[in-house]
Structures are given as structure tokens and as C-alpha cells.
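Asker: Submitted below is the structure of interest, expressed as C-alpha cells.
The values are calculated or read from the model by the stated rules, or taken from the named source; none is laboratory data. Predicted, not measured: the structure shown is a model, and the values here were computed from it. Cβ placement follows ideal geometry from the backbone for every residue including glycine, while neighbour counts extend to all protein chains displayed.
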Amino acid sequence: MISAADLPDTIPVFPLPGALLLPRAKLPLHIFEPRYLAMLDDCMKTPHRLIGMVQPYETPGGTQSHLHQIGCAGRLTAFSETEDGRYLITLTGVCRFRVRDEIEGFTPYRRCEIGWDDFSRDLGPAEHDPGFDRSDFLGLLSRYFQEENLKTDWEAMREADDELLINSLSMLCPFEPEDRQALLEAPSLSTRRETLVTLIEFALRGGAGDEVMQ
């Protein structure tokens, strides 16, 4: 496990719209663009093997995508290369971070100077949600999955730890990028669960895609 003292001040970032990584969760990725192949090559040469996942956004009339202030760093924990040079990787979430500044030049991929101070709890043990009513939540989730034509292992849902269940659903449900950012920025597992419930209820009311969480 990485300690706070091992976390670097600068990491490469992967601005992938709609991709959400949370602490202790796993995110599989398929890498094929040359700049991100270079990023992986450089990442594997570092002792920490960290890549920051950050949601990009564009301002009206903008010519370059900007980065949200908060992202999550993942450690490269699985890696395979295809015969045609593509990479299949898995990032395991380590800790969220706040972007302080973007570093210009030097690499074909984006790099940022970041701070970890606001997210020390991410480096601790798995979180629990003492106010979690699983029965009510799964009832709501069942209606949502039926509406979205999604399938799942309900027995696994009933048995999963609080954090695994809430974070996995946050990452896998088909929410808009800004909604995913709201889930990422939730300060605790309880507030992430509350945000998740709000998004599901909003979608069930037929509002998905008409507005985003603020």
C-alpha cells in the first residue's frame, strides 16, 4: 500500500470523458493512442506507477479541453500488450487529488502538479456507510436497472461490502460526465451514496440528460 510520504507531487494525467476511478476500485482501460502508449512506458519506469484519471470539460468557444480540479490517481496493477502494440491495463484507485497546475511541454501527454492534502482518508481502510438502508436502496436500484435494461448479480449486490457496492455502481452506471464528477467529489461514502440515490431517482423521473448535478 502506498503511504502519503510516497505520493509524488507530479503525475501524468489521462483526461478521459466519462471514466470514473475511485479509491480501492479497479478500472480496466484499453490504450492505443501513441501519446498514451508513451505515458504508460514512462509510468512503468517510476516506483509508484501512478496515473491520474481526470474528467475534461470544454468552455463555450474553447479550443482546448480543461481539467476538473479533482481527479483520482490509480496504480498500474495489471498490464498486457497485444500483438499489434495496444495495451490492456488495470488501474487500482489509490487516492484523489487536487490539480494545482498543468505542466506545459516535455511530453506528448498531459502532466500536472497536484496536491493530496484534502483526501488523506482515501489512504486508510475501506469506508463504511452507517446510514445505508440496503433493502430500500436495492429496491430503487432494481427499478433503475429495469428502466435502463441493465443486468446484474443481485445476490452479489446483497452481499457486497458498502464501499464496493456504492463505488462500483458509481463507476458503472451510465451517468453523464458531470454527474460522475459529483460522485468523485463526494467527501465521504455516505455522501456518495446520497448523490448516487439522487441521480438514480432523477433518471427514473425521466430527467437523465436534461441537466446535470451541480
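Asker: Give the number of residues within the stretch 144-156 that are assigned to a helix (DSSP H, G or I) and within 13 Å of residue 173 (Cβ to Cβ).
Answerer: 4
Asker: Moving on. Return a yes/no flag: does the stretch 40-57 have any residue that is out of contact with any strand residue (DSSP E or B) (no Cβ under 6 Å at 6 or more places or on another chain), within 28 Å of residue 173 (Cα to Cα) and in contact (Cβ under 8 Å) with a residue 12 or more places away in the chain.
Answerer: yes
Asker: Oh, and also: Would you confirm whether or not the stretch 37-50 contains a residue that is over 17 Å from residue 107 (Cβ atoms), in a strand (DSSP E or B) and not aromatic (Phe, Trp, Tyr)?
Answerer: no
Asker: Which residues, taken from the stretch 10-23, are at pLDDT 95 or above and either surrounded by fewer than 17 Cβ atoms within 10 Å (Cβ to Cβ) or over 19 Å from residue 114 (Cβ atoms) (or both)?
Answerer: Selection gives 10 alone.
Asker: From the set of residues in the stretch 41-100 that are within 22 Å of residue 122 (Cα to Cα) and of a type in the set (D, E, K, R), which is surrounded by the most Cβ atoms within 10 Å (Cβ to Cβ)?
Answerer: Across the stretch 41-100, the extreme among qualifying residues is 96.
Asker: For the condition modelled with pLDDT of 90 or more and either of a type outside the set (A, V, I, L, M, F, W, C) or under 20 Å from residue 39 (Cα atoms) (or both), what is the one hit in 63, 92, 59?
Answerer: Criteria check complete, one pass: 92.
Asker: What pairs come out if I take residues in the stretch 178-189 that are not assigned by TED's automatic domain parsing to the domain that holds residue 70 and pair them with residues that are outside any loop (DSSP other than H, G, I, E, B) and of a type in the set (Asp, Glu) whose C-beta lies under 6 Å away, six or more apart or interchain?
Answerer: Sorted first by the residue in the stretch 178-189, then by its partner, the pairs are 189/163.
Asker: Can you find even one residue in the stretch 98-109 that is in contact with a Cys (Cβ under 6 Å, 6 or more places away or on another chain) and either of a type in the set (Val, Ile, Thr) or in the same structural domain as residue 66 (by TED's automatic domain parsing) (or both)?
Answerer: Looking through the stretch 98-109, at least one residue is in contact with a Cys (Cβ under 6 Å, 6 or more places away or on another chain) and either of a type in the set (Val, Ile, Thr) or in the same structural domain as residue 66 (by TED's automatic domain parsing) (or both).
Asker: Does residue 122 satisfy the condition of being touching a Lys or Arg at 6+ places or on another chain (Cβ under 9 Å), surrounded by 18 or more Cβ atoms within 10 Å (Cβ to Cβ), more than 30 Å from residue 35 (Cβ to Cβ) and not small (Gly, Ala, Ser)?
Answerer: When the stated conditions are applied, residue 122 does not pass them.
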